[in-house]
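The values are calculated or read from the model by the stated rules, or taken from the named source; none is laboratory data. Keep in mind that what you see is a predicted model, and the values were worked out from it rather than measured. Ideal geometry is used to build each Cβ from the backbone, glycine not excepted, and the neighbour counts take in all protein chains shown.
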């Protein structure tokens, strides 16, 4: 058995058994006073995609209850699914295929290098480094680098000359890094710090690896724009926690880390970039107080979450109404892009192969040739969109729909383009 932390308490899980563990105490503060927010029903793992034409087989489905902790204001998923299921070795996502992420990671490097005065002697470690897109920016700037990535995507990074350790991160991995490479001046965790189940053990591992004057930089989906733009499609089992700066600050302070700078960033439809160091090591910037003051807390957050639940239901019904009108006209409807978040939208709204003929992905995507999770809808090369010219196409990377739409028109697509969220609309 291996032990995982949920807040300050421990739960037991059989390693690699596919077990799921209900969250009965807050993952940060351990409070048992968790308020139910909503459920999107049972969902399949978003990263398990079966090949097109494979004989249907039983797949695991898990509930998606969302909970709110009144003590630290963390919004969190009510079930922790075994990471072996959530992040299989054949994990199909590569961050380098998304221009917005490439630009964001380049910005992170420029910003942090200027703020921290990095030199070629400084070690930068990226937790959940994927294909090495983020940390390659520090490599180009002359810093020593190391990626830590548990899935086979790490092989892509190594093949590109980006040194990457293929394993799950924890205190043991941190000790190995220190023994082989020394302490890190910068540790980054982009789009994974809310994903890893035993978050307190992860922070302890970060502290083990961090130099005395080192800085931990995290990027995570930001709860506030998630609520404001009805991003219920980001609710899936990979995302265990939905941070506000209030809850993230609470977590880091439990371990002696002090947030000294924070700002919103546009990636994934609205994220937050947070800089933290050991308490008292760096002056706290005004950005922290400004963001904290703007966030609803306690009863105000509970009221905001209740409104979110109501609005999510309405936007689902409005999208179904729009698609019903198209199908009554015998229109062919397809999808554009297959991000993980699309799996939640497909399964919550009930989009099957009678509604969506296929989903298009850019050339080179590891998802081409497979089916959308929980459905038999095939993912194909985007060239088919321009050959078939279906009457309508839903952009499932809707957070960049306004950027994608003119590019699709320029490539020759003539049908209707639809953004499903936050309010279903034609582009």
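Could you say whether any residue in the stretch 329-342 is at pLDDT 95 or above, within 26 Å of the chain's Cα centre (by Cα) and on the phi > 0 side of the Ramachandran plot? Scanning the stretch 329-342, I find at least one residue that is at pLDDT 95 or above, within 26 Å of the chain's Cα centre (by Cα) and on the phi > 0 side of the Ramachandran plot, so the answer is yes. When 357, 352 are checked against the criterion of being surrounded by fewer than 22 Cβ atoms within 10 Å (Cβ to Cβ), under 23 Å from residue 238 (Cα atoms) and not assigned by TED's automatic domain parsing to the domain that holds residue 153, a single residue qualifies: 352. If you take the residues of the stretch 380-412 that are more than 26 Å from residue 103 (Cα to Cα) and in contact (Cβ under 8 Å) with a residue 60 or more places away in the chain, which of them is surrounded by the most Cβ atoms within 10 Å (Cβ to Cβ)? Here the answer is 393.
Quick check on my filter: what residues within the stretch 360-369 are at pLDDT below 95, surrounded by fewer than 22 Cβ atoms within 10 Å (Cβ to Cβ) and within 15 Å of residue 47 (Cα to Cα)? Reasoning before the result, please.
Our first condition is that a residue be at pLDDT below 95; within the stretch 360-369, this holds for 362-367.
Among the residues that remain, those that are also surrounded by fewer than 22 Cβ atoms within 10 Å (Cβ to Cβ) are: 362-366.
Passing the criteria: 365, 366.
Inside the stretch 40-91, residues that are closer than 30 Å to residue 303 by Cβ, surrounded by 15 or more Cβ atoms within 10 Å (Cβ to Cβ) and touching a strand residue (DSSP E or B) at 6+ places or on another chain (Cβ under 8 Å) make up a count of 19.
Kindly provide the set of residues from the stretch 209-222 that are buried (at least 21 other Cβ atoms within 10 Å of the Cβ) and either over 29 Å from residue 184 (Cα atoms) or over 15 Å from the mean Cα position of the chain (by Cα) (or both), ordered by number.
First, pick out the residues of the stretch 209-222 that are buried (at least 21 other Cβ atoms within 10 Å of the Cβ): 209-210, 214-222.
Residues satisfying the conditions are 209, 210, 214, 215, 216, 217.
Checked against (1) touching a helix residue (DSSP H, G or I) at 6+ places or on another chain (Cβ under 7 Å); (2) touching a residue at least 60 places away in the same chain (Cβ under 8 Å), residue 174 passes all but condition (2).
Checking 276, 289 one by one, the residue that is in the same structural domain as residue 20 (by TED's automatic domain parsing) and assigned to a helix (DSSP H, G or I) is 289 and no other. Going by the conditions given, is residue 204 touching a helix residue (DSSP H, G or I) at 6+ places or on another chain (Cβ under 8 Å), in contact (Cβ under 8 Å) with a residue 24 or more places away in the chain, closer than 26 Å to residue 248 by Cα and surrounded by fewer than 23 Cβ atoms within 10 Å (Cβ to Cβ)? In short, yes.
Residue-by-condition table, conditions (1) modelled with pLDDT of 95 or more; (2) part of a loop (DSSP other than H, G, I, E, B):
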| position | (1), (2) |
| --- | --- |
| 46 | no, yes |
| 49 | no, yes |
| 57 | no, yes |
| 60 | no, yes |
| 66 | yes, no |
| 71 | yes, yes |
| 76 | yes, no |
| 85 | no, no |
| 90 | no, yes |
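Hey, any hits in the stretch 174-191 for a residue that's closer than 24 Å to residue 243 by Cβ and out of contact with any strand residue (DSSP E or B) (no Cβ under 8 Å at 6 or more places or on another chain)? Yes - at least one qualifying residue is present in the stretch 174-191.
Please tell me if residue 251 is buried (at least 22 other Cβ atoms within 10 Å of the Cβ), over 24 Å from residue 125 (Cα atoms), within 19 Å of the chain's Cα centre (by Cα) and in the same structural domain as residue 23 (by TED's automatic domain parsing). So residue 251 does not fit the description; no.
If the requirement is being in contact (Cβ under 8 Å) with a residue 24 or more places away in the chain, under 22 Å from the mean Cα position of the chain (by Cα) and farther than 22 Å from residue 242 by Cα, which of these qualifies: 128, 132?
Just one listed residue meets the conditions, 132.
Here residue 421 does not fit the description of being outside the structural domain of residue 221 (by TED's automatic domain parsing), without any contact (Cβ under 8 Å) to a residue 60 or more places away in the chain, in contact with a helix residue (DSSP H, G or I) (Cβ under 9 Å, 6 or more places away or on another chain) and surrounded by 18 or more Cβ atoms within 10 Å (Cβ to Cβ).
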